[in-house]
Amino acid sequence: MTMSPSQERADFGFGDERGSRRTPLLPGASGCALASTLAKGLPNHQILLLEGGGKNDDKAYTTLAERHWALVAPGYNWGYKTIPQKHLDDREIDQSRGKGLGGSTAINFCVYTRGPEADYDRWADLVGDSDWAWKSSLSRYRRIEKCRQPSTKYQEMVHIATKDHGEDGPVDVAVPDTFEPGFTQYMDAIYKHHPKNLDVNSGNPVGAAIQQNAMVDGQRVSARTAFLKDVPSNLSIKTEITVHKVLFEGKKAVGVEHAGGKSNQAPI
Ligand SMILES: Cc1cc2nc3c(=O)[nH]c(=O)nc-3n(C[C@H](O)[C@H](O)[C@H](O)COP(=O)(O)OP(=O)(O)OC[C@H]3O[C@@H](n4cnc5c(N)ncnc54)[C@H](O)[C@@H]3O)c2cc1C
């Protein structure tokens, strides 16, 4: 590979002796899941996660009840704004994107939601690939989930059927054990005018329901906590490295250039 003077090969801590090929990924929701799956499925392959932000493991921002604060946690948000919006009094609108391990799952609101069955089937039709259909998507959801039944006092309002949900996956999903005072009466008032839906994630999201959350024991579940808790030895994670571009040889991605003008030659 030929490199321009501003590029150099960076030492990411392992050389050729440790493995044949390195695949660099950005560790947001998709990157963490992909890295974990690749590393476990391909033990002779070196996987490298490159993250522009930090580790995002400050306990002050992982409590579920405080989850809306993570959005403004120092270093957790790239802080993007739109350009001034003509039809919104020239205001710049927040376009938050998560920074650091877990990406936007470290700052999101932890609402665990799937779409309607018909949307997935239409998606599959549009792309001509039945893998996107509800049936196949459901089997993938079941693989990644570890769903818990609600506490008995809410079982009239939420029901997690095992045919629709997984119990052994890395992503903990639950509803809180306790809601605010008056919550049950509030829901009863809504049920008078809307059908009760015991599980909005069953493929039918219509009706009034309690939403499930990506949470466990009152804590946020992010892609970091779900997919990077047992890091295999062939998965390396580097934080505070902002990738500037992917380097190509023809149509083949062969490396990345990151902040500081350094590059990591990473055959894919
Ligand atoms: C405020 C907010 C609330 C949300 N609430 C919910 C919710 O309640 N429920 C829900 O299901 N979804 C929610 N979402 C959406 C959900 O979090 C995202 O759809 C999901 O995280 C996207 O995953 P991703 O892998 O595409 O990207 P991200 O999770 O955003 O990950 C991208 C990763 O790439 C890294 N990165 C980006 N550029 C570079 C670079 N140049 N160099 C190195 N690293 C880089 C980032 O730091 C980040 O770690 C919310 C999102 C936001 C922002």
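So for the chain: antiparallel DSSP bridges make up what percent, rounded to the nearest 5?
60 percent
Just to check I understand the Karplus step: with θ = phi - 60° and J = 6.51 cos²θ - 1.76 cosθ + 1.60, what whole-Hz values come out for segment 100-108, glycine and proline as x?
x, 4, x, x, 5, 6, 7, 10, 7
Let me check I've understood the local charge: for Gly79, count other residues with C-beta under 10 angstrom from its C-beta, Lys and Arg +1, Asp and Glu -1. What total comes out?
Value of the local net charge: +2.
Set the Förster radius R0 to 45 Å, insert the Cβ-Cβ distance between Asp90 and Asp125 as r into 1/(1 + (r/R0)^6), and round the FRET efficiency to 0.05.
Working from the Cβ atoms, E equals 0.65.
Counting only DSSP beta bridges with both residues in segment 111-218, what percent are antiparallel, rounded to the nearest 5?
50 percent
Report the label-to-label distance for Ala259 and Gln211 in nanometres (one decimal), using points 7 Å from each Cα along the Cα→Cβ vector.
3.2 nm
Taking 0.36 nm per intervening residue step and subtracting the Cα-Cα distance, what contour gain separates Ser151 from Tyr186 on full extension?
10.8 nm
Using a Gaussian network for the chain with springs between C-alpha atoms less than 10 Å apart, which of these wobbles most: Ser222, Ser130, Ser30?
Of the options given, Ser130 has the highest mean-square fluctuation.
At 222 nm, what helix-only mean residue ellipticity would the chain give, in deg cm²/dmol to the nearest 500, using -39500 (n - 2.57) for each DSSP H run of four or more?
-5500 deg cm²/dmol
List the residues, sorted by chain then number, that are 5 or more residues from Glu145 or on another chain and whose placed amide H is less than 5 Å from its amide H.
Gly166, Gly169, Val171
For Val216, list long-range residues whose amide hydrogen, built 1.01 Å from N in the peptide plane, is under 5 Å from its own amide hydrogen.
Val221
Taking H placed 1.01 Å from N in the peptide plane, check which residues at least 5 places from His159 or on another chain put their amide H under 5 Å from its amide H.
Amide H neighbours of His159, under 5 Å, 5+ apart: Asp199.
Readers should treat all values here as calculations from the given coordinates under stated rules, not as data from a laboratory. Remember, it's a predicted structure, so these values are computed and weren't measured experimentally. FYI the Cβ positions are ideal-geometry reconstructions off the backbone, even for glycines, and counts take in every protein chain you see.
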